[in-house]
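Undergrad: One structure follows; several queries about it will come next.
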Amino acid sequence: MCLKTQHIVEVEADIQTEVASVQTSAVAESHSTDQERKLMQSWDDMVEKSLRNFGWMEFLQAVLVAVAMFFDAQQSFISIYTDNYPTWHCTNHTMCSSSSDICKIPKSSWSWDSHPSMTIISHWSLECASTFVTGLPQSSFFIGGLLGSSILAALADSSVGRKNMLVLSCVLMSITSTLIIFSPNIWVYSALKFLIGFWRSSIGTSVLVLLTENVSVEWRFSVGTVEYFTFTIGYMSLSGIAYATKSLSWRFLYLYTSLPALLYSILAYLFINESPKWLLMHGRVKEAMRILKGVSLPENDANYLTSFKTKENVSFFQLYSSIVELFKRRWALTRMVATMVLGIGVGSVYFALALAVENMGFNIYLAVVFSALMEIPSCIVAYFLENFRRKPSIIVFSLLCGICCLLCVAIGDKAPEAKVGLAIVAFFGACVAYFVFVIYIIELFPTCVRFTTTSLVRQAITFGCIFCPFFISAGRKNNIYSYGVFGLVIMCSNLTLFGLPETMGIVLCDTMNQQEEKETYLSKPKTKQVAICEAMDLQEEKGDFFLLT
């Protein structure tokens, strides 16, 4: 009996020791969390204050980052010329006429109007190939982009970083674009188009995130338009290069667009700065301070933040931890799905209308120029929309695009000039809606998952674009399969906006907890917000503002 009593006493003592250990650990963890929250909030304030100093050097830095979109646009739309179905004429009028089916007349009775190797269609004699074969290269490009977004996005949030991902993507895209000129057939060509799409998939996201994380909230929308402007210039430059090389093989068009991109990659690596927000999230405080101006953090705090980041638990999903963060929170996952659906509607229609210029029934060189020119006023309009609410802006211009697309179907070939005008206005509406949308998704998520979420939305856009070449091909005979489908898709996708919050003028958050706390505060009635602010003022006077919950 005494032995049993002694054993029970020993067990109770062990339990009490373990409980005390757990309580001590919980208190230490709570203190560590409070210290981290205080430190992160203090850093946010200093970073935001430093980033307000936007001068000529910061502007040049933004332009250098945005130039990557120039080359991204060229690779995105180069198939307009390289994969185009060229015009032809009869050489033996006794056996064919201008209305003849090219696949039902002898090869010796007709000839191409331009260089026999001007496009892959004439080069590999694909004039009678199926829609699947002729649309395969561009679809492969978008499939590569879909896969690349899945693999590369989380790496930029976790280990690689924004700058390194941008440089790596540009280098590999330009090298693959150079190798494509050695393609012996349509199948190798499609495989290399897949790789080009894979490598360039993170360029747009890298540029947008780098631009917006290197400026304060008042400059965020302005520098975002720099990306669109360089993208537009890249789109327009294709017409000049293609026209200058129209008497040469399609291979020269790839060569002349890939080599400058390789040179740019070297300059980007040497002169572009990494995002200070990303450096902070990974404990690289000293590197962030070298980029920021007028910012100093006490040595003890800097050492603590560095050690905190290096002691994070390593799991199987370490490189893709940002994706795990999205699935852990219901609000983030719901928001992610809604923005992806919206991206399929707005983003894929934007790219589809740009690629469908040949369906206008107009000179392809001038059609591309006119479409590209519409992006300039779109950038200007988007710039002035900075102080307007994001959701109504997207809805208005999406409706403009959708209505004009449906009118193109109604008019058909009865009034070609009116159809061209409506198609250009539709593209203008899609441009503005897309420009505002990409800024909107940046503002919806915090720094720790921003690259991943932005890339997932672009992945959804790319998924929608996979089917666009087939709709465009079918639309050559009936516009309802191209303009009709595009108009309905962009209008219906806007329904998801009613479940998303407004983000105009909101300072970017760094962590998921900060995002939740900020939105919980903003969702409260005005009287409750005032009470919270008063409580914050009192706590700040006592010196423990950052511990307020």
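Undergrad: Between Leu64 and Ile102, what is the spin-label point distance in nm, taking each point 7 Å from the Cα along the Cα→C-beta axis?
TA: For Leu64 paired with Ile102, the spin-label model returns 4.7 nm.
Undergrad: Here are some pairs, Lys104/Lys477; Lys193/Lys246; Lys414/Lys477; Lys193/Lys328; which of them have Cα atoms lying more than 24 Å apart in this structure?
TA: On the way: Lys104/Lys477 18 Å; Lys193/Lys246 21 Å; Lys414/Lys477 14 Å; Lys193/Lys328 36 Å.
In this structure, Lys193/Lys328 exceed 24 Å between Cα atoms.
Undergrad: Still on this model: Can you give me the Cα centroid spacing of the stretch 399-451 and the stretch 77-152 in angstrom?
TA: If we compute the Cα centre of each part, the gap is 27 Å.
Undergrad: What does the highest-first list of 229-240, 107-118 look like by mean Cβ count within 10 Å? Display every interim value, and only then the final one.
TA: Working: 229-240: 20.7, 107-118: 14.7.
So the peptides 229-240, 107-118, ranked by packing, come out 229-240, 107-118.
Undergrad: Farthest toward the dipole's positive end in the stretch 173-252, which of Asn214, Ile233, Phe252, given Cβ charges of +1 (Lys, Arg) and -1 (Asp, Glu) about the Cα centre?
TA: Highest projection toward the positive end goes to Phe252.
Undergrad: Can you order the peptides 129-138, 56-65, 423-432 by their average number of other Cβ atoms within 10 Å per residue, highest first?
TA: On the way: 129-138: 18.2, 56-65: 16.0, 423-432: 25.2.
Descending mean neighbour count gives 423-432, 129-138, 56-65.
Undergrad: Between Asn164 and Leu366, how many nm apart are label points set 7 Å from Cα along the C-beta direction?
TA: 5.1
Coordinate-derived values only; no laboratory data. Quick caveat, the model's predicted, so the values are computed rather than measured. All Cβ positions, even for glycine, are placed from backbone atoms using ideal geometry, and neighbour counts span all protein chains on display.
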